[in-house]
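Report on one structure; see the data block that follows.
The values are calculated or read from the model by the stated rules, or taken from the named source; none is laboratory data. Note that the coordinates shown come from a computational prediction; the quantities given were computed from them, not determined experimentally. Neighbour counts are summed over all protein chains in view; Cβ atoms, including those assigned to glycine, are modelled from backbone coordinates with ideal geometry. Surface areas here come from the heavy atoms of the whole protein model, side chains and all, with no ligands, DNA or RNA. Shrake-Rupley method; radii C 1.70, N 1.55, O 1.52, S 1.80 Å.
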Amino acid sequence: MAAANKAVLGPLVGAVDQGTSSTRFLVFNSKTAELLSHHQVELKQEFPKEGWVEQDPKEILNSVYECIEKTCEKLGQLNIDISNIKAIGVSNQRETTVVWDKLTGEPLYNAVVWLDLRTQSTVENLSKRIPGNNNFVKSKTGLPLSTYFSAVKLRWLLDNVRKVQKAVEEERALFGTVDSWLIWCLTGGANGGVHCTDVTNASRTMLFNIHSLEWDKELCDVNWGNGLMEAIRENQFYGSSKKETNNFVSVTVLSCHVYFQCLGDQSAALVGQMCFQDGQAKNTYGTGCFLLCNTGRKCVFSEHGLLTTVAYKLGRDKPVYYALEGSVAIAGAVVRWLRDNLGIIKTSEEIEKLAKEVGTSYGCYFVPAFSGLYAPYWEPSARGIICGLTQFTNRCHIAFAALEAVCFQTREILDAMNRDCGMPLRHLQVDGGMTNNKILMQLQADILYIPVVKPSMPETTALGAAMAAGAAEGVGVWSLDPEDLSAVTVERFEPQINAEESEIRYSTWKKAVMKSMGWVTTQSSESGKNVFIIIATLS
């Protein structure tokens, strides 16, 4: 019996959306931006010690394989020909750091996740050594000295993990953020895999000059004591699949050429929200919370605790665009904590039901500073607190307070953004998994006292990665011309409380934040070493 005819569709584009909590693979129709199919796998996080957060790089990689395989099975069931997939975008958790052996392809240690706090003593040591302290780093990278960024995680690995030290001594060590690890593996690994990154991820390492768009020798020297000798692999950024290699493309997707394009997850969400004009902003609610505002082709340096970062550069010969960013460490992670650590909910979705039962925190305030406080405070000594408790407080009030905490943290970075930009946002575009929670979205509108606008298709991080891949040179199946972009239907949440009540709740939250600070101090000294490690080629 003849095989059924495959559905005829325009060129398709896939997107690997590799986040802290889960991995997804999604496939879009490049002409309509319609999501055709997807699959998601939740990831484990390991907490070996207080403040440490790790993930298994091989589990991350295997989750990508599984998501691709399952999505392609679903496409087959829909009678869609997967050979029409012409490009794959990769979006990733950004600062998470991986070091692996280029000869064997084996990780030399677990991935040190962006939330991890073990490097506080490294940061303190650097702050004593660096000329001009924080301003030296910030002027080049747009970043403050913080445990958040990749360079200090790599420094810790070099100082504390013998397998990493030995591989460095023998010039076998490759370093990368998660995008580099995935693309290297997916393009052949030890058999010719492409070791690369893009400027959005590089700009989060604290080793990258966001003005020259190059690895910065002075930053490398400062971070490594006596000097980092860079070996930049002369590989092209885009890795095409090779049928003869046993990589994922030839095995589970198709046996023809596929092009990869990567963007850090928050840059991908900015593209997916179509924030291509100066002053357009989006807020993504994932494990953390990230508010980015496009500042165009100029770097705007914050005076109110925000980061200056690379927004996107969509092609070798295309201009670079910058953004101001407010980063919150704990957003969706607080829901996972209520589920996994306290057990007051069984599923993440249950928090909305609990919060709806009471409709108030009844004076309970929750500051989830599990990894210190990021923007606008950059205070690593902070730790989580729940205050305002009474005998009346129950799990529903704590659930409500947890959702409010996400909204209050967003209010703090939005206030900082408004002061830096000088033109307050009139509404906030939102995306991410938490935006499915209607209670959260209404709370956010109430606390910001501006409308919150949610697209009908919330997978904007994956969409942005797909758009960038589909529009890449050599692919050209997705137009980024504003006139060609599909109109997006949205849901609006308008403020429903008066401004005075909003301000009272916000000011009480800020009192709680002050009480969360100063819980932890660290004292340590570390010495720099000569190292030789390969860092990625830039697109």
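If you take every DSSP beta bridge whose two residues both sit in the chain, what share of them, in percent to the nearest 5, is antiparallel? Antiparallel bridges make up about 65 percent of those DSSP assigns within the chain.
Only protein heavy atoms count here; on that basis, with a 1.4 Å probe, Ser267 has an accessible area of about 0 Å².
Taking each residue as 0.36 nm, the span from Leu389 to Lys515 lengthens on full extension beyond its C-alpha to C-alpha distance by 43.9 nm. If a paramagnetic tag sat 7 Å from the Cα of Val490 along the Cα-Cβ line, which residues of segment 430-445 would have the backbone N under 12 Å from that point? Within reach of a label on Val490, which here means backbone N under 12 Å from a point 7 Å along Cα→Cβ, segment 430-445 contributes 430-431.
Quick one: dipole size for the chain, taken about the Cα centre, charges +1 on Lys/Arg Cβ and -1 on Asp/Glu Cβ, in debye to the nearest 20.
Dipole size: approximately 440 debye.
Counting only whole DSSP H helices of the chain, the ones at least 20 Å long by C-alpha along their axis and with mean Kyte-Doolittle hydropathy no lower than -0.5 are 395-421. Calculate the dipole size of segment 376-520 relative to its Cα centre from +1 charges on Lys and Arg beta carbons and -1 charges on Asp and Glu beta carbons; express the result in debye to the nearest 20. Approximately 800 debye in magnitude. Shown for the chain: the carbon plus sulfur share of the solvent-accessible area, taken with all protein chains present and a 1.4 angstrom probe, equals 50%. Of the residues Asp179, Asp265, ranked by 1.4 Å probe accessible area with the largest first, the sequence reads Asp265, Asp179.
What does the net charge come to around Gly264 if you take all other residues with beta carbon closer than 14 Å to its beta carbon, with K and R at +1 and D and E at -1? Kindly include the intermediate steps, with their values, before the conclusion.
Values: positive: Arg94, Arg204, Lys282, Lys313; negative: Asp17, Glu95, Asp179, Asp198, Asp265, Glu325.
Summing Lys/Arg as +1 and Asp/Glu as -1 gives -2.
Summing charges over neighbours of Ile345, with a neighbour being any other residue whose Cβ is under 11 Å away from its Cβ, gives +1 when K and R count +1 and D and E count -1.
For Trp184, the accessible surface of its heavy atoms amounts to roughly 10 Å² (probe 1.4 Å, protein chains only, rounded to the nearest 10). Estimated from helices alone, the mean residue ellipticity of the chain at 222 nm is -9500 deg cm²/dmol (sum of -39500 (n - 2.57) over DSSP H runs with n ≥ 4, per residue). Once you reduce segment 352-424 and segment 471-508 to the center of their Cα atoms, the two points are 22 Å from each other. Which label marks the calculated value of Cα extents along the principal axes in Å, given the options (i) 68, 59, 49; (ii) 80, 47, 36; (iii) 66, 62, 43? Answer label, from the structure shown: (iii). When the Cα positions of Ala173, Gly433, Ser479 are compared along the charge dipole of the chain, Ala173 comes out farthest toward the positive end, with charges on each C-beta of Lys, Arg, Asp and Glu.
In the context of the full protein assembly, Arg94 retains an accessible surface of approximately 10 Å², using a probe radius of 1.4 Å and ignoring ligands and nucleic acids. Which pairs in the list Lys102/Lys153; Lys166/Lys298; Lys353/Lys454; Lys166/Lys318; Lys86/Lys138; Lys44/Lys166 are over 30 Å apart, alpha-carbon to alpha-carbon? Violating the 30 Å Cα-Cα cut-off are Lys166/Lys298; Lys166/Lys318; Lys86/Lys138.
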